[in-house]
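Visitor: Sharing a structure with you now.
The values are calculated or read from the model by the stated rules, or taken from the named source; none is laboratory data. Worth saying up front: this structure is predicted, and the values here are computed from it rather than measured. Cβ sites come from the backbone with ideal geometry, for glycine too, and all protein chains shown count toward neighbours. These area figures cover heavy atoms from the full protein model, side chains too; ligands, DNA and RNA do not enter into them. Shrake-Rupley method; radii C 1.70, N 1.55, O 1.52, S 1.80 Å.
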Amino acid sequence: FVDSATVHNFMEKNGIKIDTASLEKLSEKVNSEIVSLEKKIYEMAGQEFNINSPQQLGEILFDKLQLKTKVKKTSGGARSTAVSELEKLRGEHPIIELIMQYRELQKLKTTYIEPFPTLIDQEDDRLHTTYNQMGTVTGRLSSQDPNLQNIPIRTELGREFRKAFVAEEGWQLLSLDYSQIELRVAAYLSGDQRMLEAFQNNEDIHTRTAAEVFEISPDKVT
């Protein structure tokens, strides 16, 4: 058994290897995608404008294209173009989907692809982050300087960026997560025999719970 502090100190000290060559290729690909999206957005808007400007984007969406869905206003009274508000506009005009893609690529470029090579330690050629044990309410570690935990995964390019994290030759990267850790702790602390039995028999705890609540056999649970 190794405590989490030892593990995260080990990870901080050793860092992680980055394939900088693949990042360079990805940077070129992302820049090309951004230029392509800009052209499509300008065509749909009927003019060129600063897509990164909330004010100019708001004028295009709400004044020129007359999108009607109600969105929140900023403290200054302007109509918000935050991601949460653009989500409300999905389906009203194809430009919205392109703007969402554009923003995700810009975030990938400015937050990860461009800065990461500059953060690599010149002595060991690896990237070192800082893990916080007390940074989340769930008890999981959080990561900062840089944050390695919010790298986009929904897009193909986001997944490509994750591939830049590589193992040393002869080693492998392993991804692990807890399986229903809170419920297992609850079973242990409460001593509930049915919960303990379910986990000991590798049953699906949610199916077993539904079966108990509705007094039916597990195979009848939909």
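Visitor: Can you give me the distance in nm between label points at N9 and L183, each placed 7 Å from the Cα along the Cα-to-Cβ direction?
Guide: 3.5
Visitor: As an exercise, use a Förster radius of 45 Å and the Cβ-Cβ distance of F199 and E28 to find the FRET efficiency, rounded to the nearest 0.05. Show your work: numbers first, answer last.
Guide: Details: r = 49 Å, r/R0 = 1.10.
Calculated value: 0.35.
Visitor: Turning to a different aspect of this structure: Kirkwood hydrodynamic radius (Cα pairs, Å) of the stretch 41-154?
Guide: 16.9
Visitor: Further question: Ignoring ligands, DNA and RNA, what accessible area per residue does the chain give at 1.4 Å, in Å²?
Guide: 68
Visitor: Hey, another quick one. What ranking do 169-176, 146-153 get when scored by the average of other Cβ atoms within 10 Å per residue, highest first?
Guide: Highest-to-lowest ranking by the protection proxy: 146-153, 169-176.
Visitor: Using the Cα centre of the stretch 1-128 as origin and beta-carbon charges of +1 (Lys, Arg) and -1 (Asp, Glu), tell me which of Y112, L37, H128 is placed farthest towards the positive end of the dipole.
Guide: L37
Visitor: I've got another one for you. For the stretch 131-222, what is the Kirkwood hydrodynamic radius in Å, using each pair of distinct C-alpha atoms?
Guide: 17.1
Visitor: Here's another thing I want to ask about it. Throw me the Rg/Rh for the stretch 66-124, computed over C-alpha atoms with Kirkwood Rh, two decimals.
Guide: 1.21
Visitor: OK, next. What's the extension gain from T138 to V35 if we count 0.36 nm per residue and subtract their Cα-Cα distance?
Guide: Additional length available on full extension: 33.1 nm.
Visitor: Okay, moving on. Pairs of Cα atoms under 8 Å, at least six residues apart: use those to get the relative contact order of the stretch 29-156, whole percent.
Guide: Over the stretch 29-156, the number comes to 17 percent.
Visitor: Expressed in nm to one decimal, what extension gain is obtained for the pair F165 and T74 from 0.36 nm per residue of sequence separation less their Cα-Cα distance?
Guide: On the way: separation 91, 0.36 × 91 = 32.76 nm, distance 3.82 nm.
That pair, F165 and T74, stretches by 28.9 nm at full extension.
Visitor: Once the piece of chain linking E114 and T20 is laid out straight, how much longer is it, given 0.36 nm per residue of separation minus the C-alpha distance between them?
Guide: Answer, rounded to one decimal: 32.8 nm.
Visitor: About the Cα centre of the chain, what is the dipole size in debye to 20, counting +1 per Lys and Arg Cβ and -1 per Asp and Glu Cβ, all else neutral? Show your work: numbers first, answer last.
Guide: Numbers: 27 positive and 35 negative charges, 202 e Å.
For the chain, the charge dipole is close to 980 debye.
Visitor: Taking a ≥ b ≥ c as the square roots of the Cα gyration tensor eigenvalues, with a/c under 1.5 meaning rounded and otherwise prolate when a/b beats b/c, else oblate, which class fits the chain?
Guide: Oblate, because a/c is 1.5 or more while a/b does not exceed b/c.
Visitor: Would you work out which of I51, N14, L61 lies farthest towards the positive end of the dipole of the stretch 1-65, given +1 charges on the beta-carbon of Lys and Arg and -1 on that of Asp and Glu, about the Cα centre?
Guide: Looking along the dipole axis, the top candidate is N14.
Visitor: I'd like the distance separating the alpha-carbon centroids of the stretch 29-105 and the stretch 158-189, in whole Å.
Guide: 35
Visitor: Over the chain, with every protein chain in place, what whole percent of the accessible area is carbon and sulfur at 1.4 Å, could you tell me?
Guide: Heavy-atom surface of the chain belonging to carbon and sulfur, 1.4 Å probe: 51 percent.
Visitor: In nm, to one decimal, how far is the modelled label at N150 from the one at T209, with both set 7 Å along Cα→Cβ?
Guide: Label-label distance for N150 and T209, simple model: 2.9 nm.
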